[in-house]
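The structure appears right after this line, and notes come after that.
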Amino acid sequence: MKLVPGLKDDLVQNRREAATGKAEQLRTHTASAREAAADPVWTIAGAIPWVGANFSATAEIARSADDVANLGVAPLVKVFDSFDWNSLLPSESGSDLEPIKNAAPSVAAAAHAVRVSAERLEAINPGTLFPQVAEPLVQAREQLRAVSGTLDSAAEASRLAPAMLGSGETRRYLLLIQNNAEIRASGGIPTALAVLTMDKGKLTLGAQTTADGLGKQDKALPVDVEQERIYSTRLGTYMQDVNLTPDFPTAARTAQNMWAAKTGERLNGVISIDPIALGFILDSTGPVKLKDSSVLALSKGGLPTELTGKNVVHTLLSDVYAKIEKPAEQDAYFAAVAKEIFMALAGGQGNHKGLIDGIAKGVEQHRILLWSADAAEQSTIAQYPLSGSISGPSVPAAQFGVYFNDGTGAKMDYYVKRTAQLVRQCTDGDYASYTVRVTSTNTAPADAATSLPKYVTAGGAFGVPAGSAQSNIMVYGPVQSNVETVAVNGKKSPFGANHHAERPVGTVTVTLAPGQSTTVDFTFSRIVQHTESELLVTPTVDSVTNVIRDTEILSCESIR
């Protein structure tokens with residue numbers, strides 16, 4: 001077991017010889033353990049009442065470890081050793097996708113071997129074993145469980161990635177750049193749009209426009225009744241509002257249909273990303289410089305002409321509105337920055353490890369989302385959080401979701417700090433009960449009504465006082481549960497109650513003056529799932545790790 005962390009580190013750090021050496025050491029150790037466990041004396045000991053289960057369990061652990069070492073680790077290290085990782089990066093000449101295609105069978109076989117071993121160990125009851133055997137068993141099961149999920153993901157990725165990167169035929173995707181300063185359930189309003197082309201790993205950015213530039217749909221596109229009831233017909237009318245719903249497959253499909261209706265072009269899928277994730281990519285590529293003369297002219301007001309991972313978020317979500325007065329020019333600057341970042345990425349700027357880490361971080365925080373128009377591909381994507389689904393195989397049974405939509409009609413969400421927390425209530429029955437606690441604070445300056453640009457505050461145009469921030473909060477509970485009550489700052493409050501994909505949805509609107517903070521408690525009852533609860537939130541300007549607080553479990557002494 002001690003070799004595994006070092007092996008993982010060697011793989012991550014691209015230390016091929018060291019990784020190969022540790023893999024051989026691991027195989028030597030597991031082979032010895034398996035040989036010892038196959039000794040007839042050990043087999044006979046396994047039949048002894050009371051203590052025999054410990055010998056049998058130890059033998060099973062040894063066999064599983066040896067299978068993982070030979071059928072899982074060894075093939076993966078061999079595949080890793082054949083990769084030229086830097087050649088997989090986008091470049092002006094494209095990427096070499098053959099290594100990924102060739103690796104797919106080995107990765108799939110390794111994933112299967114680890115999964116089978118994990119299932120064998122899961123079948124052993126540690127409660128019947130001595131602590132000296134039970135503890136290593138539990139540790140091995142936890143490690144294999146984690147590795148199994150990762151390998152399954154890697155196997156699917158190696159199978160799908162070449163085709164989706166254009167290995168067989170050119171792929172064209174609609175790229176949505178979400179602006180978190182005006183919050184939407186999946187992140188932010190889609191400010192910039194572009195066509196992203198993948199041709200044998202070569203990445204190019206084609207036609208660019210904005211949600212405003214695309215315009216209103218002549219007739220609202222159909223969206224299922226449940227979502228339309230919660231989010232209105234705006235969901236199918238304006239590109240700015242396709243992601244009022246937290247269900248990204250719905251938002252992406254609607255965006256694709258809007259694009260087709262306006263341009264006549266039906267694209268292969270939709271990719272969404274936000275400025276924070278762009279910052280993660282910039283950390284890998286290094287600084288990018290703006291080159292468009294018309295955009296450089298806009299920068300003369302004090303905006304940077306060179307963007308980095310440190311300044312891109314503040315620039316795109318705040319400074320651009322303070323330095324540029326016209327909305328069309330703000331959008332142009334926003335789109336130009338996104339274009340330069342993707343051009344740097346397409347040109348192979350950066351390093352493979354930093355880029356992979358940055359993209360992984362964006363996916364982990366739900367800032368990068370993907371939808372494919374190909375039904376078979378989408379059925380695989382739907383198994384993972386990358387899909388942004390609110391139902392289906394990627395959604396844990398006991399998942400709660402906290403989502404936000406702007407109600408100000410402007411860019412005040414840059415100043416709204418939010419936290420979300422699960423509080424497990426005490427119950428004396430078979431059902432669980434949770435409160436989802438959402439706290440929002442408007443950190444805008446006291447004189448925001450006059451010190452911030454009208455485009456940021458909306459100037460009261462939509463009935464919200466200038467400087468105040470209005471948010472629609474939607475909280476989803478697990479399937480079959482009920483949203484019972486909502487309290488705002490400790491006082492019971494009316495709320496909207498709906499269902500989406502068999503999940504209860506509670507909705508409340510809060511308006512915050514500068515400096516004001518509000519806590520809303522959504523209480524869900526009759527939760528039948530007995531798995532560990534999970535909380536998902538809309539990705540905001542702040543790191544998701546700062547938004548989601550640890551679950552609080554109330555003491556149950558009072559009801560005993």
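The condition of being buried (at least 17 other Cβ atoms within 10 Å of the Cβ) and in the same structural domain as residue 421 (by TED's automatic domain parsing) holds for only one of 472, 489, that being 472. Counting only helices (runs of 4 or more DSSP H) wholly contained in region 278-354, the ones carrying 1 or more residues that are within 20 Å of residue 175 (Cα to Cα) occupy 327-346.
Count, please, the residues in region 158-187 that happen to be within 20 Å of residue 345 (Cα to Cα) and at pLDDT below 90. Of the residues in that region, 7 qualify. Could you check residue 314 against (1) farther than 24 Å from residue 384 by Cβ; (2) modelled with pLDDT of 90 or more; (3) surrounded by 17 or more Cβ atoms within 10 Å (Cβ to Cβ) and say which number it fails? Residue 314 satisfies every listed condition except (3). Of the residues 217, 178, only one is closer than 28 Å to residue 241 by Cβ and in contact with a Gly (Cβ under 6 Å, 6 or more places away or on another chain); which? After applying the criteria, what remains is 178. Among the residues of region 374-431, none is identified as under 20 Å from the mean Cα position of the chain (by Cα), within 30 Å of residue 325 (Cβ to Cβ) and β-branched (Val, Ile, Thr). Filtered by the rule that a residue be under 24 Å from the mean Cα position of the chain (by Cα) and either farther than 16 Å from residue 181 by Cα or not hydrophobic (A, V, I, L, M, F, W, C) (or both), region 319-336 gives no residues. Checked against (1) more than 26 Å from residue 181 (Cβ to Cβ); (2) among the β-branched types (Val, Ile, Thr); (3) surrounded by 22 or more Cβ atoms within 10 Å (Cβ to Cβ), residue 479 passes all but a single condition, namely (3). Of all the criteria given as (1) surrounded by fewer than 20 Cβ atoms within 10 Å (Cβ to Cβ); (2) at pLDDT below 90; (3) acidic (Asp, Glu), the one not satisfied by residue 306 is (2). Please go through region 355-391 and pick out each residue that is part of a loop (DSSP other than H, G, I, E, B) and of a type in the set (S, T, N, Q). Answer for region 355-391, where residues must be part of a loop (DSSP other than H, G, I, E, B) and of a type in the set (S, T, N, Q): 365, 383, 389, 391. Of the residues making up region 392-417, those that are part of a strand (DSSP E or B) and crowded, with 22+ Cβ neighbours inside 10 Å are 400, 401, 402, 403, 404, 405, 406, 416. Taking region 188-265 as the region of interest, the helices (runs of 4 or more DSSP H) fully inside it that hold 2 or more residues being under 26 Å from residue 346 (Cα atoms) and assigned by TED's automatic domain parsing to the domain that holds residue 336 are 211-214, 248-263. Among residues of region 418-446 being of a type in the set (A, V, I, L, M, F, W, C) and outside any strand (DSSP E or B), the one that is surrounded by the most Cβ atoms within 10 Å (Cβ to Cβ) is 444.
Considering the conditions (1) over 14 Å from residue 158 (Cα atoms); (2) at pLDDT 75 or above, residue 109 is excluded by exactly one of them, (1). In contact (Cβ under 8 Å) with a residue 40 or more places away in the chain, touching a Ser or Thr at 6+ places or on another chain (Cβ under 8 Å), closer than 30 Å to residue 513 by Cα and assigned by TED's automatic domain parsing to the domain that holds residue 301, is that true of residue 406? The answer is no for residue 406. Scan region 227-245 and tell me whether some residue there is under 25 Å from the mean Cα position of the chain (by Cα), of a type outside the set (A, V, I, L, M) and under 26 Å from residue 161 (Cα atoms). Looking for residues that are under 25 Å from the mean Cα position of the chain (by Cα), of a type outside the set (A, V, I, L, M) and under 26 Å from residue 161 (Cα atoms), one finds at least one in region 227-245, hence yes.
A count restricted to region 374-391 and to residues that are aliphatic (A, V, I, L, M) and surrounded by fewer than 17 Cβ atoms within 10 Å (Cβ to Cβ) stands at 2.
The values are calculated or read from the model by the stated rules, or taken from the named source; none is laboratory data. On a predicted model such as this, the values are computed, not experimentally measured, just so you know. Please note: Cβ atoms are built from the backbone with ideal geometry, for glycine as well, and neighbour counts cover all protein chains shown.
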